[in-house]
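Colleague: My questions will all concern the structure given below.
What follows draws every value from the coordinates through simple rules; no lab data is involved. All values derive from a computational prediction rather than experimental measurement. Cβ: placed from backbone, ideal geometry, glycine included. Neighbour counts: every protein chain shown.
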Amino acid sequence: MSLPILAIVVPCLNEEECIASTILRLLEILFDLESKGEIDKESFVFFVNDGSSDSTWNIIEKYNKETNGKIKGISFSRNFGNQKAILAGLFEASSYNADCFISIDADLQQDETKISEFVKKYKKGSQIVAGIRNDRNADGIFKKYTALTFYKIMNLLGVKIKVNHSDYRLVSKQVVDALKKFPETNLFLRGIFNDLGFNKDYVYFDVKARKAGKTKFTPMSLLSLAISGITSFSIVPLRIVTFIGFVMSFGSFILGISAFIDKLIRHNAVLAGQL
Ligand code: UDP
Ligand code: MG
């Protein structure tokens, strides 16, 4: 079997403080895997600039020239959010003959030394290798508990998704092609990949503290991601709303009948006003 071409896909929003060191570290990892004969020498890193207002894209462009295209990327016209950035990165990188793709955050909080483990599992036949965090100690209290509550709600609603899932994940070209046919636009990638089928495996990793810059997620964007996750993968909220709708209309119907009877028998009417 020929060696796989690996594309590392990195979404980034205002990451000028850490992007250069991330580029160098990922190049180091690619060269190491290439020299050990684990991946093809055509492997590359693909950045998606998600509407940064700082110099992130300039730095990516500079390395693109200096590395003769080993660093590639696209730049969005505005901020579309990290899920859309990852998805666009997978789709765009797939036009460069990559066989497999690993998405990882630009701050490299996710243990990048595990990349070789993802590739090994892919070579053994897994089409989706999902990264699972060992713990949430690197998160603040708020994020830790809201994330755990989110996974509890998802599981209660019948969505069987592993707790502490992340967007650090390997997918094969076949999976990306299947994803292109997926109509979902309200994106929650962890749920979509969980749902797609294919041979799956997991890699467990530690999360480091952010090396520079601040988190790009606000409580509102996290809430919106959680709502996307819940509403796109469970019909229970829809059923609850439908049930409430039925109860309300049944109640109104009964009230209407009783007002009608009142009017007929007792000549009382429900009045909106009287002068
Ligand atoms: N990110 C992005 N668009 C956004 C928000 C985040 O591309 O609207 C990127 C960000 O640059 C990073 C990754 O998504 O590469 C994860 O973001 P961050 O590290 O801020 O999240 P946290 O680790 O705090 O959950
Ligand atoms: Mg981070």
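Colleague: Would you check which residues across region 1-57 are more than 22 Å from the chain's Cα centre (by Cα) and of a type in the set (Val, Ile, Thr) and list them?
Modeller: Passing the criteria: Ile5, Ile29, Ile39.
Colleague: Hydrophobic (A, V, I, L, M, F, W, C) and within 16 Å of ligand 2 (Cβ to nearest atom): which single residue out of Ile39, Ile19, Ile29, Ile5 fits that description?
Modeller: Ile19
Colleague: For region 220-233, indicate whether the set of residues that are over 30 Å from Phe188 (Cβ atoms) and surrounded by 11 or more Cβ atoms within 10 Å (Cβ to Cβ) is non-empty.
Modeller: Taking every residue of region 220-233 in turn, none turns out to be over 30 Å from Phe188 (Cβ atoms) and surrounded by 11 or more Cβ atoms within 10 Å (Cβ to Cβ).
Colleague: Sticking with this one: Please count how many residues of region 193-239 are on the phi > 0 side of the Ramachandran plot and either within 11 Å of ligand 1 (Cβ to nearest atom) or among the aliphatic types (A, V, I, L, M) (or both).
Modeller: Final tally of qualifying residues: 1.
Colleague: Shifting gears a bit: Of the residues Glu15, Glu38, which single one is more than 16 Å from ligand 1 (Cβ to nearest atom) and touching a residue at least 12 places away in the same chain (Cβ under 8 Å)?
Modeller: Working: Glu15 fails: more than 16 Å from ligand 1 (Cβ to nearest atom).
Answer to the selection: Glu38.
Colleague: Can you name every residue in region 77-129 that is away from ligand 1 (no atom under 13 Å from the Cβ), without any contact (Cβ under 8 Å) to a residue 60 or more places away in the chain, farther than 23 Å from Glu38 by Cα and part of a helix (DSSP H, G or I)?
Modeller: Within region 77-129, Glu92 is the sole residue that qualifies.
Rundown of residues vs (1) among the charged types (D, E, K, R); (2) buried (at least 23 other Cβ atoms within 10 Å of the Cβ), yes/no style:
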{"position": "Ile19", "(1), (2)": "no, yes"}
{"position": "Leu27", "(1), (2)": "no, no"}
{"position": "Glu34", "(1), (2)": "yes, no"}
{"position": "Lys41", "(1), (2)": "yes, no"}
{"position": "Asp50", "(1), (2)": "yes, yes"}
{"position": "Ile59", "(1), (2)": "no, no"}
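Colleague: Tell me, please, whether a residue that is away from ligand 2 (no atom under 16 Å from the Cβ) and in contact (Cβ under 8 Å) with a residue 40 or more places away in the chain can be found in region 209-218.
Modeller: The answer is no; no qualifying residue exists.
Colleague: Moving on to the next point. Could you tell me whether Ser75 is within 16 Å of ligand 2 (Cβ to nearest atom), in contact with a strand residue (DSSP E or B) (Cβ under 9 Å, 6 or more places away or on another chain) and more than 14 Å from Ile8 (Cβ to Cβ)?
Modeller: No, not satisfied.
Colleague: Of all residues in region 63-72, which are part of a loop (DSSP other than H, G, I, E, B) and either within 16 Å of ligand 2 (Cβ to nearest atom) or in contact with a strand residue (DSSP E or B) (Cβ under 8 Å, 6 or more places away or on another chain) (or both)?
Modeller: The answer is Gly69, Lys70.
Colleague: Given the conditions (1) crowded, with 16+ Cβ neighbours inside 10 Å; (2) among the polar types (S, T, N, Q); (3) over 16 Å from the mean Cα position of the chain (by Cα); (4) within 16 Å of ligand 2 (Cβ to nearest atom), and given that Gln127 satisfies all but one, which numbered condition is not satisfied?
Modeller: (4)
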